Structure formats: structure tokens, C-alpha cells
1. In degrees from 0 to 90, rounded to the nearest 10, what is the angle of the helix 307-320 Cα long axis to the longest principal axis of the chain?
2. Hey, fewest Cβ within 10 Å first, where do Ser143, Ser272, Ser306, Ser244 land in order?
3. Report the trypsin sites (Lys or Arg not before Pro) located in segment 193-244 that are in a DSSP loop and have at most 15 other Cβ atoms inside 10 Å of their Cβ, or state none.
4. Give me the number: length gained by fully extending Asp90 to Thr333, i.e. 0.36 nm times residue separation minus the C-alpha to C-alpha distance, one decimal in nm.
5. Using unit Cβ charges (K, R positive; D, E negative) and no other charged atoms, how large, in debye to the nearest 20, is the dipole of the chain about its Cα centre?
6. Based only on other Cβ atoms within 10 Å, what is the fewest-to-most ordering of Ser88, Ser120, Ser293?
7. Give the distance, in whole Å, between the Cα centre of segment 275-341 and the Cα centre of segment 65-104.
8. Using only Cα atoms, find the angle between the long axis of helix 150-169 and the longest principal axis of the chain, and express it within 0 to 90 degrees, rounded to the nearest 10.
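Every number here is computed from the coordinates shown, using simple stated rules; none is lab data. It should be emphasised that the depicted structure is a prediction, and the values quoted were computed from it without experimental measurement. We place every Cβ from the backbone using ideal geometry, glycine too, and count neighbours over all the protein chains shown.
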Amino acid sequence: MIKKIVVTGGSGFIGTNFIERISNKNFQIINIDKLSKQSSPEQFKYKQKNYKFYKLNLVKKKQLKKKLFQIKPDIIINFAAESHVDRSIDDPDNFMINNFTASVNLFTIFKDLKKIKQNSKFIHVSTDEVFGSHMKKSFKENSLYNPSSPYSSSKASTDLAALSFNKTYKTNIVIVNLCNCYGPFQHFEKFIPTCIFSLLKNKSLPLYGKGKNIREWTYVDDACDAIIKLVKYKTKKNRFNIGSGIRYKNKTIAKKIFLILKKKKLTKLNSSNFFKYVKDRPGHDFRYALNSSLFNKSFNFKNLVSLSYGLESTINWYLKNKLWVNAKKTKFTGKRLGLND
Ligand SMILES: NC(=O)c1ccc[n+]([C@@H]2O[C@H](COP(=O)([O-])OP(=O)(O)OC[C@H]3O[C@@H](n4cnc5c(N)ncnc54)[C@H](O)[C@@H]3O)[C@@H](O)[C@H]2O)c1
């Protein structure tokens, strides 16, 4: 029988890629999203008979419960969240309320759904940011949570709620802590698209602090393929780090993007003016790093996309998809957020 998979936040960056990636598999895909500025409009989404979209805010529990009980999904994958750290610094209460309430509503409804569909699965997508920063260490699944921003604390508290549901209600929600993703459909306000679009406009790209902060990067297809493993296979474990081990300073990533665009003759800037240092983000974590060996060993998983190939593909995608870029640009001012001034 064809399985029903509900993807919440399926109009956002990772959700959109995930739906495209899983579309050729034998699933009925139901996307539930409130559609925010971060979302891809439906006109650009994958459209096939096995895809349905419902515009719904997950915070509205009654409507959500009605919809999920109608659907009776086999699998729920929760990508829904407000996800931009700078925005969370300007608007902490909205991030906390939205991210916590949306996910806990889903967990509560899932607990009740499990009574009528015992084998149903729930995958909750979280972030490496919950562990905070460490100069040398890479975090394991059981490392202490030490979030720094309203965004990461909203995700951390949601993960804790999932853990408590697993203990109290035996829900077996699988929590995935993902490293930084990049690729097609990512909103301009995130780091890699900011670098690309600044350089395309011949504007020096902004580096927070001195550009020394280190992030772990995975191409979104690799992240989606990892999550698809959890969809396809059973596991008794319910916490996994999913990273790539590809860790670079922001300045190095910026330089790699500059060199690709320079080679394509798409920026007039040169090596002395392609970046500018700007005031750092308050509470800016210095380094994120995940130990993903549990996931990689359990599912025989390997990241396939190198950083150079991934960056080049991402740039090519933005260049090719002008309609998407223009549709999203109308709602984007590019104003610096999160300074807490
Ligand atoms: N992008 C990354 O690098 C990254 C890394 C690690 C973890 N994550 C996590 O992965 C998930 C997806 O990230 P993303 O980059 O695709 O985010 P995104 O901001 O691009 O998309 C999130 C989507 O969720 C929807 N949404 C938010 N609140 C909702 C609500 N109350 N009801 C319905 N829909 C709602 C938004 O409309 C949007 O379409 C998030 O939970 C994020 O915390 C992202």
C-alpha cells in the first residue's frame, strides 16, 4: 500500500528539496505549511498527482488535529520552524511561541494518532545549534544542550519536549540534529545566498566579526537523503546527529564563492574588496561541529557532495531560476537584522 507522508514546513528551503527528492518514491506526499516569507510559493513547487498542499498554521491545534486525523499519516516529518538566527534576536517571543507550540502540537496529535496507527513514525528536524559552540570538540547526541540564540533555544526546548514525549508516551519521535545546509531554494537572508547575491550585485559581502566563525556544511540533497534513510528503515534509536564533517571558516566559504563567480565573470569585485567586516551578531557562536558517526554507521551513510561541487551547483541554480529569485525578491529588503541596538 502507498504510504502517506506528511511534511510540515514543506514549503521552506529543506522541505521543498526534501519533497522533490522523495517524489519519485512510492509515497502520497502531503505538505502542511503556513507560507511565510521564507517559503517557496506553490507555483514553484513539485506538482504531481502524489502531492497535496494545505496552507495551515501548526499553532492552530484544532484545525491541525482535524486535518491529521483525516489524513492518518504513516510518517510525519517536521521541518516547520522560524529559522533565521538574526530574525530571532529581533523577535524572540515570536520564535519561541511559534517553534515550540507548532512542534508540541504535532507531538500531542501524533501521540493520539499512534493509538489508531501504531506503526506510524515521526521525524523531528532540529539543528546542531542546540549544542552551542566549542573550539575543538565535536558534539555527540548525548552532549549537553547549550543554546545561544532565541532560535537555538526554541529548537532546544522543542527537542526536550520530544524526549519527554518519548519517555512518557512511548512515542518514539526521532530527533535529527542537522548541521548547516545550503543549496537550491534557500532564502536570501541566509549566509551562502547572501554571499552569492551581494557579489552578483557587485557589493562587498558582509562578514560578521572577522569571518573566523566555523560552520559545518552539508549540501541539502545529502541532508535529504540522510532523512530518507530514516523514512525507509526502522530504528530503535531516537537521536541522530547528521553532519558532513565539512567545516570551514565563513571567510573561506565566502572566498570560494567569490572565486567561482569571478571565474564566471559575474562579479566586478576583486580579491581586495569582495568582502567587508561588519558588526558581529550578539551571542554569535564561534564553532559548530557534529560527531555523526552513529548515524553514518547505523545507516551506512556517506555524504556524496563536495563543497566545491555543491557551491557551484547552488550558484548555477540561482542563476537559472530567475523567476523564483524575482518572486522572492519582492518581499526581501536585505536590511541588517539582529543587532540588538
Ligand atoms: N537550513 C539549515 O541550515 C538548517 C540546519 C539545521 C536544522 N534546520 C532546521 O530544519 C528545518 C527547516 O529549515 P529551513 O532552512 O528549511 O527553514 P525555512 O525557514 O526555509 O522553512 C521553514 C518553513 O516552515 C514553515 N513554518 C514555520 N512555522 C510554521 C507554522 N507554525 N505552521 C506551518 N508552517 C510553519 C515556514 O512557513 C517555512 O516554509 C527547521 O526546523 C530548521 O530549524 C535547518
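1. That helix lies at roughly 90 degrees to the long axis.
2. Ser272, Ser306, Ser143, Ser244
3. Hits after loop and neighbour filter: Lys201, Lys203, Lys210, Lys212, Lys234, Lys236, Lys237.
4. 85.9 nm
5. 720
6. Arranged by neighbour count, lowest to highest, Ser88, Ser120, Ser293 become Ser293, Ser120, Ser88.
7. 20
8. Here the helix axis deviates by roughly 20 degrees.
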